[in-house]
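*Asks:* The structure under discussion is supplied below as structure tokens; questions concerning it will follow.
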Amino acid sequence: MNRCVSILWLPIFLMVSVACGQISSDCSTAIPICNNTPVNGGTNGFGMDDFGGAATSGCLEQTLSGAIESNSAWYRFRTGASGQLGFNIGFDASEDWDFALYRASDCANLGEPIRCNFFDNRDNEVFMGVGENPTGATGSVLYEDWLQVEPGEDYYLLINNFSNTNTGISIQFSGDIFNTDPLTALDCSIVSNLLGPPIAACDTENVILDATTVNAIQYDWFRDDGAGFLQISGEHNPTFTVPNASLYRVAVFLNDGSSIFSDVQVAFSATPMTYPISDDASCSDLTTYDLSQKDTEALGTQLPTDVVVSYYRSMSDAIMGVGSLPKTYPISGTSETIFVRTTSVENPNCFDASQQFQLTALETPMLDFPEEVYLCDGATSVVIGDPFPNTTYSYTWDTGELNSEITVTQAGTYTVTVSNQAGGLQCDATRTVTVVSSDAPQISEVLIDDLQNNNTVTIVPVIDGNFEYQLDGGTPQTGNAFSNVLPGSHQVTVTDLNGCGSVTETITVVGFPKFFTPNGDGANDVWNIEGISELNSPSVAIYDRFGKLLKQLNETSPGWDGTFNGKILPSSDYWFKLSYSDDNGQRIEAKYVQNHFSLRR
């Protein structure tokens, strides 16, 4: 069934005063509903068991009393047109009510209900029924699908109360059947009465009772305010203008000596007032606007249990009560006028649609400046915030400063609120900037692996950081290892990506054996450094563990044979240092190349 329809409430108060009305606890005496709907002062027990001891009827089950009915009320109605039909049963949010609807013309053959609801009211809702909740709320478990009806169908409606309290109910009909056939949607022929069915009016309406009868010779009007019918002095016309809510009777005397008596209940409900509503902003960072936040303004001093607030795109829709907007309203991105209607819960025909408000589309500031800024080692301050501000926005920092950018001297978090204001409306965006202390990069050591023609060089910084590494001015990389590095002199650069500088150092990549065996077998008899021929005037100094200089080698030396002054030295570890001349002729000692090797015999 299609749920995307307009709702028109049709109010009724069947044989009621303002506080109470007729109640029937038996199906056989069900209260007929015509173009008005009953309001009663609460149900109390049940009469006969209309289900003959059955354990269930649809979703309803026997109570502790042994019957399906519990504090029950029965109503009946007949459809006069085809279309979509629903109803809303209103009650106090603290109470729990159930209902079952039967398509039947005989109480003895009700069959199974075509709509049934027994869910408890744990969400403290104020409506249940068939169709759509008049408050605009969706997804309620207290609502069943719309009815598709044809003319002449008879229905019986059972309403049960399962609460410790019982303050009564109201019923309003809804559906597109009242748009297409507003006067014949419900068949009034089931109510037989000269004065017609009970009348539910608004306190702003003028109600005239008409008892005009052919061959009448006299009319007498009576009123019952609870102490019995009393004749109304001076009222003998066929019509009577009702001054107040009450039960009225007319006595019509005919020229043949017979008479007709007819009673009708007239009830008046207060017409709500829609209080003025302030304009508001539809901020661009939101996809929906919560219309319910305007309910309090529209209600003023009225209670939400007495008055329902609904919203519309046009004044005509608001007046007709059709096409109400969802409370969670999708934002269109353009400014628009929202029309507001306040409707009486007791009698939805009493409403006020005199107010509206402007929902202005307003841009929420877009903030794209950095959320993390670094205060470098040695720097006394850093600037944070928006370097390219929108001149129409206002900026407020939690430091109290009002500029788009501020200067800070300490690490920490700083929050700014940026506001776009127009016509008294405002959209805000907030951003927190974290200032982090950051040290400039330093190289701790350079590790050279394998020391062959294609070497691996690993740069180890003093501290971990957000660094980028380069070899000989090549492409920067985030990894600190370089492979396939040729022997010789190279430059390595470490750059802090946080903007805290860089460091460049010259390294020397050479190869040497970890050990040698000068035993005359022709294999590993001498020790030398590979790749020093790539250097300018290289010199290698070899020391024993006590720092005594044993040998110096250059690029033409065949290597060291493990002797000192012709004397064979013992197996042990020995150290070396490498130096060379740079392009300016300055003598440089190769950094990170101070190592040892083993002599084995």
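The values are calculated or read from the model by the stated rules, or taken from the named source; none is laboratory data. Just so it is clear, the structure is predicted and the values come from calculations on it, not from any experiment. Every residue, glycine among them, receives a Cβ derived from its backbone with ideal geometry; neighbour counts consider all protein chains shown. Each accessible area value is taken on the protein alone, full model and side chains, heavy atoms only, with ligands, DNA and RNA left out. Shrake-Rupley method; radii C 1.70, N 1.55, O 1.52, S 1.80 Å.
*Asks:* Over the range 492-601, average the accessible area per residue using a 1.4 Å probe and give it in Å², no decimals.
*Replies:* Here the per-residue accessible area is 54 Å².
*Asks:* Return the long-range amide H neighbours of residue 40 (sequence gap of 5 or more, or a different chain), with a cut-off of under 5 Å between placed amide H atoms.
*Replies:* Amide H to amide H, under 5 Å and 5 or more residues apart or across chains, residue 40 pairs with 169.
*Asks:* Hey, got a sec? Which GluC sites (Glu not before Pro) in the range 27-103 land in a DSSP loop and have at most 14 other Cβ atoms within 10 Å?
*Replies:* Passing both the DSSP loop test and the Cβ count: no residue.
*Asks:* Once phi is turned into θ = phi - 60°, what whole-Hz ³J(HN,Hα) does the Karplus curve with 6.51, -1.76 and 1.60 give for every residue of the range 214-230, x standing for Gly and Pro?
*Replies:* Working through the residues one at a time gives 5, 6, 7, 10, 7, 10, 10, 10, 10, 9, 10, 9, x, 10, x, 6, 10 Hz.
*Asks:* From a point 7 Å beyond the Cα of residue 260 in the direction of its Cβ, which residues of the range 180-216 have a backbone N at a distance under 14 Å?
*Replies:* Residues 192-197, 210-216 fall inside that zone.
*Asks:* Of the accessible area of the range 228-363, with the probe set at 1.4 angstrom, what percent is carbon plus sulfur?
*Replies:* Carbon and sulfur together cover 52 percent of it.
*Asks:* With every protein chain kept in the model, how would you rank 514, 548 by accessible area, 1.4 Å probe, largest at the top?
*Replies:* Values: 514 125, 548 105 Å².
Largest accessible area first, the list is 514, 548.
*Asks:* Give me the percent of accessible area attributable to carbon and sulfur for the range 399-532, probe 1.4 angstrom.
*Replies:* Details: 2830 of 6660 Å².
Taking all protein chains in place, the range 399-532 shows 43 percent carbon and sulfur surface.
*Asks:* Turning to a different aspect of this structure: Going by accessible area, probe 1.4 Å, with all protein chains left in place, what is the ranking of 490, 236, largest first?
*Replies:* Values: 490 25, 236 90 Å².
My answer, sorted largest first, is 236, 490.
*Asks:* List the GluC sites (Glu not before Pro) within the range 376-450 that DSSP assigns to loop and that have no more than 16 neighbouring Cβ atoms inside 10 Å.
*Replies:* Within the range 376-450, the qualifying GluC sites (Glu not before Pro) (loop, at most 16 other Cβ atoms within 10 Å) are 401.
*Asks:* Going from most exposed to least, what order do 372, 125 have by accessible area with a 1.4 Å probe?
*Replies:* 372, 125
*Asks:* Taking H placed 1.01 Å from N in the peptide plane, check which residues at least 5 places from residue 550 or on another chain put their amide H under 5 Å from its amide H.
*Replies:* Correct list: 542, 543, 544.
*Asks:* Another question about this same structure. Using +1 at the C-beta of Lys and Arg and -1 at the C-beta of Asp and Glu, which of 466, 400, 231 has the Cα lying farthest in the positive direction of the dipole of the chain?
*Replies:* 466
*Asks:* Note down the nm distance, to one decimal, between modelled labels 7 Å out along Cα→Cβ at residue 204 and at residue 478.
*Replies:* If labels sit at residue 204 and residue 478, their model points lie 6.8 nm apart.
*Asks:* If you take the charge dipole of the range 51-204 about its Cα centre, with +1 on Lys and Arg Cβ and -1 on Asp and Glu Cβ, which of 193, 126, 82 is farthest toward its positive end?
*Replies:* Comparing the listed Cα positions along the dipole, 193 ranks first.
*Asks:* Another question about this same structure. Report for the chain the percent antiparallel among DSSP-assigned beta bridges with both residues inside it, nearest 5.
*Replies:* 90 percent
*Asks:* Still on this structure, please answer the following. Please give the length that would be gained between residue 525 and residue 145 if that part of the chain were fully extended, namely 0.36 nm times their separation in residues minus their C-alpha to C-alpha distance (nm, one decimal).
*Replies:* So the chain would gain 126.9 nm between residue 525 and residue 145.
*Asks:* What FRET efficiency, computed as 1/(1 + (r/R0)^6) with R0 = 30 Å and r the Cβ-Cβ distance, is obtained for residue 303 and residue 162, rounded to the nearest 0.05?
*Replies:* About 0.75, to the nearest 0.05.
*Asks:* Here's a follow-up. Show me 142-153, 102-113 ranked by packing, highest mean number of other Cβ atoms within 10 Å first.
*Replies:* 142-153, 102-113
*Asks:* Between residue 105 and residue 61, what length in nm is gained on full extension when 0.36 nm per residue of separation is reduced by their alpha carbon distance?
*Replies:* Taking residue 105 through residue 61 to full extension adds about 13.6 nm, to one decimal.
*Asks:* Using a cut-off of 21 Å between alpha-carbon atoms, which lysines can reach residue 548, once sequence neighbours fewer than 8 places away in the same chain are excluded?
*Replies:* Leaving aside lysines fewer than 8 places away in the same chain, those within reach of residue 548 are 514, 567, 577, 591.
*Asks:* Each residue of the range 280-296 in order: what ³J(HN,Hα) in whole Hz does its phi give by Karplus 6.51 cos²θ - 1.76 cosθ + 1.60, θ = phi - 60°, with x for Gly and Pro?
*Replies:* With coefficients 6.51, -1.76 and 1.60, one gets 9, 9, 9, 6, 5, 7, 10, 9, 9, 10, 8, 5, 5, 5, 8, 4, 4 Hz.
*Asks:* First measure r as the distance between the Cβ atoms of residue 288 and residue 82, then evaluate 1/(1 + (r/R0)^6) with R0 = 45 Å and state the FRET efficiency to the nearest 0.05.
*Replies:* 0.80
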